[in-house]
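The values are calculated or read from the model by the stated rules, or taken from the named source; none is laboratory data. Just so we're clear, the structure is a prediction, and the values are computed from it rather than from any experiment. As a convention, Cβ positions derive from the backbone with ideal geometry for all residues, glycine included, and neighbour counts pool all protein chains shown. We work out accessible area using only protein heavy atoms, side chains counted, and drop any ligands, DNA or RNA first. Shrake-Rupley method; radii C 1.70, N 1.55, O 1.52, S 1.80 Å.
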Amino acid sequence: PYHVCPPCLFFFGSVWFCWMAKVGEEDPRWIVSDRSDGRNVNAWHWTEKDVTEWVKSRLVELVENQSIVDTPMLKCKTADIANSDGEGTVFNRKGKVSFLLELNFAVKWEGETFDDDGNSTGSCKGKLTVPDLEHDTDTAKLQVDVSCDSGSDNEKFLRLMQTEGRAWLRSRAETLLKELKAGHGVQEKKAGVTENVSVKKTPEKKKDAGENTDFATKIEWRVPPKEIWNALTEEGRVSAYTRSKAIIQLTDGGTFSFLNGSISGTFTEIELHKKLGMKWRLQDWADGQFSEVTIAFEEVESGTTQMILKQTGVPVSEVERTQQGWSSNFWEPIKMLFGYGYTTK
């Protein structure tokens, strides 16, 4: 067998020529190997960068001690941030950059009213609270809770901050997300790309347990077993390609949660780079309903992995949705972010 690399095609006279190399005899110019100087050429290898401190520092600059309303009769401004918590991470693989952000914070505000002579007639203090700002948040719909902690004209200020205050803070959140993307080279989603809906994030009601069945999927990945194993078991990587928080405790009996809790369960078998067993369920399955997932990895030739996924105990009505979910939530995003080619057998 031979590998043909497009850059090795050349034209001479009226004839196309192709330089081919046998499997196992790759041209070293095309091999990305570890360098003694530690450089990660062209960001080929997976990297993660913690940007939490940058996010929190920039948030302070954007929202502390800022004017919201400034008229002769009414002034309202922010004070300091009461609290902020969360994390931000930028991921890079082969030059493809994405990020994950989960942040909640509250900023204090204070307002004052004046008469025609400029004398103070009332005041109020309170907070603007954002319980959940994420990387994919639509800031036009960002939840902003408004409170009045003390003052002499609470109702007036409450109405003001529910309109002007919310709009102001949403615009600041939009600025924060744009600067984070621009400053770290995060690519925007291509036009026409929509969020996957094969796993419902907010199920309306639990599905009744019924008859169960099994299915199996065989995939050939054009990467070594270690790479696809890491893509499925490392929190940072899973969070990056699913664009949602992943929790993974990779130990026997350890728990996992993907897609913000839409998928959860426990690990039942772990054989490094060879076999992974899971007790696995979707969030809207009937209480106590679990399936058993086994994923086996075998290097069939250098740099090629045969992966066989077997899932038993799946409700008959959920088979198609579950199979589609594996593809659209895992296999395709892994291919898009990491460049790992695969073929379904």
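Taking the mean number of other Cβ atoms within 10 Å as a proxy for protection, how do you rank 70-80, 159-169, 102-112 from highest to lowest? Each step should come with its number before you reach the end.
Values: 70-80: 14.4, 159-169: 17.8, 102-112: 20.3.
Packing proxy ranking, top to bottom: 102-112, 159-169, 70-80.
Counting only protein chains, not ligands or nucleic acids, how are THR113, THR213 ordered by accessible area (probe 1.4 Å), most first?
Details: THR113 5, THR213 50 Å².
Solvent-accessible surface, decreasing: THR213, THR113.
Between LYS49 and GLN249, 0.36 nm times their residue separation minus their Cα-Cα distance comes to what?
Working: separation 200, 0.36 × 200 = 72.00 nm, distance 2.11 nm.
That pair, LYS49 and GLN249, stretches by 69.9 nm at full extension.
Under 5 Å between amide H atoms, partner at least 5 residues away or on a different chain: which partners does TRP285 have, H built in plane at 1.01 Å?
LYS207
Going through the cross-link list LYS56/LYS108; LYS49/LYS275; LYS75/LYS156, which pairs have a Cα-Cα distance over 22 Å in this structure? Walk me through the intermediate numbers first.
Working: LYS56/LYS108 16 Å; LYS49/LYS275 29 Å; LYS75/LYS156 12 Å.
Table pairs above 22 Å Cα-Cα are LYS49/LYS275.
Mind checking the full-extension length gain between ASP287 and GLU87? Use 0.36 nm per residue of separation minus the Cα-Cα distance, one decimal, nm. Present the calculation step by step, with values, prior to reporting the outcome.
On the way: separation 200, 0.36 × 200 = 72.00 nm, distance 3.16 nm.
That pair, ASP287 and GLU87, stretches by 68.8 nm at full extension.
Which distance in Å, rounded to a whole number, links the C-alpha centroids of segment 72-87 and segment 141-176?
9
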